[in-house]
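Below: the structure, in C-alpha cells.
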Amino acid sequence: MTADERPVFVPDPDVAARSQMADFLATCARETGNTFDGWPAFSRWSAACWRDFWRLFVQWAAPEVEGDAEPVCEGDAIETATFFPGLRLSYAGNLLREIPGREDAVALVARDESGRRVEWTRRALRARVEAAARGLRAAGIGPGDHVVAIARNDDAAIVACLAATGLGATWSSIGPDQGPESVLARFRQLDPCLLFTAGSHPYQGASRPLVDKLHAVVEGLPTVRRLVSLDGDVEALRGLPPPVTTLAALEAGGAALPAFPWPRVPFNHPLFVMFSSGTTGAPKCIVHGVGGTLLEHLKEQRLHSDFRSGDRLLFTTSCGWMMWNWQLSALASDTAIVAYDGSPTFPTPDALWRVVADERATVFGTSPAFLQYCRDTALVPREAADLSCLRAVQSTGSVLSDRLYDWVAENVGSLPLQSISGGTDILGCFVLGNPLLPVHRGEAQSVSLGLDVRSLRPPDAPAEAVGELVCCNPFPSRPLGLHADPDGARFHAAYFAQNEGLWTHGDFVVLTRHGGARILGRSDGVMNIRGIRIGPAEIYAILLDVPEVRLAMAVEQIAPEEPGGTRLVLLLVLRDGVVLDRPLTLRIKKEISRRASMVHVPALVVAVDDLPATHNGKMSERAARDAVNGRQPANLQALRNPGCLEALRSHPELGGRFAERGA
Amino acid sequence: MTRAEMRQMLIDWLDDHYHFGEAEAKIGHDDASFLDNGVLDSLGFVALVVHLEDRFHITIDRKNLNRENFDSVNKILAYLEARTGGAS
C-alpha cells in the first residue's frame, strides 16, 4: 500500500462503537436476524431491503408522527412511489419539539462579519417561531401558499421559514447577492403571496443595500400581497404597493394571539420549493415533501454525521443553497445551528476559523473553494484558533481534491474530512460521511444508507471506471415533482428519461473499492464553478439583449491554473462583421454580472465560427464541453456539424492549453 | 516592463475579473485602498497574487500578502518593481 492509498483518517474504535450508526446497525441486526458482517453487508441490505430499512429507521429515530407507518411505500417505481401515505407530521414541530433538560441549551446562534451576535435557547427559539406563525396565520398564510424570501443566513430567516412551513405553506429562498432577473426567474413561477426580505447585507466590511433590487423584484411579483422586512429596514420597501410589516411586528402581534399546536400535515405535503440551475430554460421549481425531507436529513445527520445533543453545526451557506435547508434539520437532532452571514475572510483570512473556535463548533461545513483559499494563503487554522471542540469537517459543492485531505490533516487537525454530495434535486446526499469507516483521499466515505446508488459505466469498463450516478430504488426524499408540471412530463424528462426507471442525477461518479465514492463533476449541461451551480440558460437569456451575439454556449472547462478547479467559458458566434474586441467582451461580462451575479461571469469569452448542434437543431453543450476539455465527444453522429469541435479543441485560447499540458 | 505598462496590466486584470471596464473609476486614485473602496475582497487578493506570480514568474510569500504590499495600485507596483527590478 502506497502512502497515498493509506487512509488519511481512521476513526477511534471506541468512538465508532458509540456512534448512532453502530447503534442503528445493531438494532437492524437484532430486528431482522441478520449478522451484517461488516459495513458492505449492511449497506447492501439497506438498499436491497429498503422497505425494512425505512420502517426500522422510523422506529429507531422516533420522529413525532401520527398515523399508520404501514405501508412503508406504495409502488416500486422510483418515479411514482409514495412513502408512508398513512403518516402525518409537522416539520417545525419535530425540529422544535420539547426536550426535557435541554430547553435552556442554546439552539441557534446567528453571527455576521460586522460582529453582530445573538443566540436563542431551544425554548426561546420555539417561542419566537410560534409567535411568528400566529402572526402569519392571522395574516392569512396557510397550506397551499407559497412564501418566498430574499434572506441572509441569520436567525430571522430561520424563524420565518419555520413559522411559514409550520403552517403548511411552502418556503423558497434566495440569497441577497442574486440579481433581480435571477430572483424573478425563480419566484415568478410560484405566484407567491408573501415576500420576506432583508433590506441590506454585509460583505467585506460594507453594508450592501437591496433597495433597487427589491423594487424590481416586487414589481415583477404581482401576486405578492404582503411584504415582511426580516431586519426591520422598512425604508428599503417604502413606496412599494403591497402592505409592509416586519418580522418583529408579526412576532409581537402573534405573541398576543392564542397558541395552537403545530398542524400535522400528510407525509407528502409540500415543504420546500428549491430551484434548479436552469440548463435549458427557466430554473425548475423542485417540490420537496415534509416527511421525505425530515427522514432523509435525520438519516444523514444522525447516522452518517452522528449529530446529537450538544453538537454545534456551522455550515457556510447562503439562503439560496440547499445546505441552508439541510442545516435547519439539525435542530431535530438537538444539534445547535451557528448561522454565519457575510464574508468568510473578513476582516482577516482566518475570520471564519475564529468563529468556529469562538462558537465551539463541533462540525464545520464548508466548500473545496474555501479550503483551497486557506491553502493558497498558507493559513494554519489550528494555530490561528482553538479548534479543540471540532470533531469533523464536511465539504460539499464541488470536487474535493486529494491534496486538500492532506492539508486538513496537517493544518486543521486529526479529524475526518467528509466529502458529501447530492444536491438540490434530492435535498440531500447520495454519498457522504460515515463514523464507522476510514477516510481515503479524494473519496466520500460511503453511499447513503437505503439508496441503491450505482455507477452506470460503459460496457466492459472496469469496476472503478467513471460512470453516470444513478439511484436504482425508491427513496423518500425524491421530490414530489416539479411545480406547474401536472402530468409530470418535465419531471420525467429531468430525472428519468435518460435511463428509464432509474433516477439519473447528472453527476459523474467512481465507486471505489473502499466502498466510498469520488464525484467527478457534472455529466449534464449544468456548470459547477467553485461550488456554485450555474445553468447556462440564465446566461443565454441575458445575451439575447446583446445584438452582436448570434449564438452562445457556456461550458465548464478545467482551469489549468487551479488544480481541481474549473472555469466558465463563454463561446460566441457573432453576427457578420462583428469583432470580439475588448469593449464588447467587457460589456458582455458587465451585463451578466449586473443581471445575474458575479459567479455567472465567464472567465473567458471566445469568438468561434460555429457551435455543435444536433440534427434537429438542439445545441450540444456536452459535445462542446468535451472538446474544450480535450476529451473525445461521444456520439459524434448525432451532431450535424461535428467539424466545429476540432476548431474548439485547437482554438489558441482553448485547445492550446491541452497541447501544452499534453492532455 | 515599464511602470506604466505594469499599471495597465493591473487595470486590465481588474477589468477582466471584477469591474468590466470600470476599474479606473472604482480605484479613484493610485493611493486609494483597494479593500476600503471595494476594489478587491480578500478572495480577490489571492486571485491577483496567483496571477502576478504567473505573469512575472515570481513566488510571493503569503506572509507578504498584506495591506502594506497589495492594498493600492502604487503599493502593488512598488512591490512588483522591488521583486522584478522594474522589468520582467
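On the basis of the beta-carbon distance and an R0 of 35 Å, A:Val466 and B:Arg55 show a calculated FRET efficiency of 0.50.
From the C-alpha coordinates alone, can you work out the Kirkwood hydrodynamic radius of the range A:182-320, in Å? List each step's numbers first, then the result.
Details: mean 1/r = 0.0551 Å⁻¹.
This gives a value of 18.1 Å.
With Cα atoms as the point set, the radius of gyration and Dmax of the range A:286-388 evaluate to 14.6, 44 Å.
Determine the distance separating the Cα centre of the range A:377-411 from the Cα centre of the range A:91-117; give it in Å without decimals. Spelled out, the Cα-based centre of one part sits 26 Å from the other. Taking θ as phi - 60° and the Karplus parameters 6.51, -1.76 and 1.60, the scalar couplings of the range A:291-304 work out to x, x, 5, 5, 4, 4, 5, 4, 5, 5, 7, 7, 7, 7 Hz in sequence order, x denoting glycine and proline. The local environment of A:Trp326, defined by Cβ-Cβ distances under 10 Å, has a net charge of -2 under the rule Lys, Arg +1 and Asp, Glu -1.
For the range A:382-471, the Stokes-Einstein estimate of translational diffusion at 4 °C and a viscosity of 1.567 mPa s comes to 88 µm²/s, using the Kirkwood hydrodynamic radius over alpha-carbon pairs. Compactness of the range A:467-593, taken as the C-alpha radius of gyration over 2.2 N^0.38 Å, stands at 1.34. The share of C-alpha pairs in the range A:221-288 whose separation exceeds 20 Å stands at 60 percent.
Summing +1 for each Lys or Arg and -1 for each Asp or Glu among the other residues whose beta-carbon sits under 12 angstrom from that of A:Arg550 gives -3.
Work out the P(r) tail for the range A:487-545: percent of alpha carbon pairs separated by more than 20 Å, whole number.
Numbers: 795 of 1711 pairs.
Tail of P(r) above 20 Å: 46 percent of Cα pairs.
Express in % the proportion of alpha carbon pairs of the protein assembly as shown at distances exceeding 43 Å.
On the way: 72198 of 281625 pairs.
So the pairs more than 43 Å apart make up 26 percent of the total in the protein assembly as shown.
Helix-only arithmetic for chain A: the sum of -39500 (n - 2.57) across DSSP H runs with n ≥ 4, divided by the residue total, places the mean residue ellipticity at 222 nm at -8500 deg cm²/dmol. Using Cβ point charges alone (K and R +1, D and E -1), the dipole size of the protein assembly as shown about the Cα centre works out to roughly 640 debye. Note on the range A:152-267: antiparallel DSSP beta bridges, both residues inside, total approximately 35 percent of the bridges counted. With the gyration tensor restricted to C-alpha atoms of the range A:1-109, the semi-axes of the equivalent ellipsoid amount to 29, 25, 14 Å, longest first.
Using only alpha-carbon positions in chain B, the gyration tensor eigenvalues give semi-axes of 18, 15, 12 Å once each is multiplied by 5 and square-rooted (largest first).
With only Lys, Arg, Asp and Glu charged, each at its Cβ (+1 for the first two, -1 for the last two), find how big the charge dipole of the range A:533-647 is about the Cα centre; round to the nearest 20 debye.
Numbers: 15 positive and 14 negative charges, 59 e Å.
Charge dipole, the range A:533-647, about its Cα centre: 280 debye, nearest 20.
Compared with the direct C-alpha span, the chain from A:Asp212 to A:Arg354 gains 47.7 nm at full extension, assuming 0.36 nm per residue. Whole-percent P(r), the range A:333-433, all Cα pairs, 5 Å bins from 0: 3, 12, 23, 26, 21, 11, 4, 1. Using the Cβ of A:Gln632 as centre and a radius below 13 Å, the other residues enclosed give a net charge of +2, where K and R count +1 and D and E count -1. Bridgeable aspartates and glutamates around B:Lys63 (alpha carbons under 16 Å apart, same-chain partners fewer than 8 residues away excluded): A:Asp350, A:Asp376, A:Glu383, B:Glu53, B:Asp71.
What percent antiparallel are the DSSP beta bridges of the protein assembly as shown, to the nearest 5?
Values: 56 of 94 bridges.
Percentage antiparallel, nearest 5: 60.
Sorted fewest first by neighbouring Cβ atoms within 10 angstrom, A:Glu296, B:Glu68, A:Glu251 come out as B:Glu68, A:Glu251, A:Glu296. Couplings 3J(HN,Hα) of the range B:28-42, computed from phi: x, 9, 6, 9, 6, 6, 4, 5, 5, 9, x, 6, 9, 9, 5 Hz, in residue order, whole Hz [Karplus 6.51 cos²θ - 1.76 cosθ + 1.60, θ = phi - 60°; x for Gly and Pro].
Less than 5 angstrom separates the built amide H of A:Val228 from those of A:Leu195, A:Phe196, A:Thr197, A:Thr245, all sequence-distant by 5 or more or on a different chain. For A:Lys590, the lysines whose Cα comes closer than 19 Å to its Cα, not counting residues fewer than 8 places off in the same chain, are A:Lys213, B:Lys26. Modelled spin labels at A:Arg575 and A:Thr80, positioned 7 Å past Cα toward Cβ, are 5.0 nm from each other.
Rounded, prolate or oblate: which fits the range A:96-247, taking a ≥ b ≥ c as square roots of the Cα gyration tensor eigenvalues, rounded meaning a/c under 1.5, else prolate when a/b beats b/c?
On the way: a/c = 2.13, a/b = 1.29, b/c = 1.64.
Since a/c reaches 1.5 but b/c is at least a/b, the shape of the range A:96-247 is classed as oblate.
Cα centroids of the range A:464-503 and the range B:45-83: 48 Å apart. Beta-bridge orientation, the range A:219-330: approximately 60 percent antiparallel, per DSSP, counting only bridges with both partners inside. All alpha carbon pair distances within the range A:332-383 were sorted into 10 Å bins beginning at 0; the resulting P(r) in whole percents reads 21, 58, 18, 4.
Readers should treat all values here as calculations from the given coordinates under stated rules, not as data from a laboratory. The shown structure was predicted, so the numbers you read here are calculated from the model rather than taken from an experiment. Note that we place each Cβ from the backbone using ideal geometry, even for glycine, and neighbour counts take in every protein chain shown.
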